[in-house]
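Peer 1: Structure incoming, see below.
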Amino acid sequence: MNACVLGDDSMNRSAKIFAAVYFLGCCVLMLLGSLTPGGNGVVAVFAKPWGKPALEVIASAEGRIIFVRDGTWVALTVSSDKQFIDRLYEAGAGFVASSAIAAACARWTGVSLEKSI
């Protein structure tokens, strides 16, 4: 009888682990989906640590640099269409964040996007 109880308990434990991993995986996918840009608006361009600076990535993609602070690994630009986002990745961007993330970064650093644009 103990073997059945242990088997049921381990089944419940593995089911709980599976459910937790599945839930966390879904949350990560939803988060990544919400961070990616949808088209028009201000976007934050993050450079790869081993690649070109964000300024060069934007310039290579024929974009306009709106703001960059002391570091060269993050810069803000304006996306006019989906093809511009593709050009940023082709030029070497590590990650291009949505306008919501760009606005949050600007607020966090005290930058007014209305003045920059």
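The values are calculated or read from the model by the stated rules, or taken from the named source; none is laboratory data. If you're wondering where the values come from, they're calculated on a predicted model, not measured in any experiment. Neighbour counts are summed over all protein chains in view; Cβ atoms, including those assigned to glycine, are modelled from backbone coordinates with ideal geometry.
Peer 1: Could you list, ordered by first residue, the pairs with Cβ atoms under 9 Å in which the first is in the stretch 66-86 and over 13 Å from residue 42 (Cβ atoms) and the second is assigned to a loop (DSSP other than H, G, I, E, B) and among the aliphatic types (A, V, I, L, M), at least 6 apart or interchain?
Peer 2: The qualifying pairs are 69/111; 86/61.
Peer 1: So, in the stretch 62-105, exactly how many residues are more than 17 Å from residue 49 (Cβ to Cβ) and part of a strand (DSSP E or B)?
Peer 2: Within the stretch 62-105, residues that are more than 17 Å from residue 49 (Cβ to Cβ) and part of a strand (DSSP E or B) number 7.
Peer 1: Here is a check on your reading of the model: is residue 38 within 18 Å of residue 103 (Cα to Cα), part of a loop (DSSP other than H, G, I, E, B) and at pLDDT below 75?
Peer 2: yes
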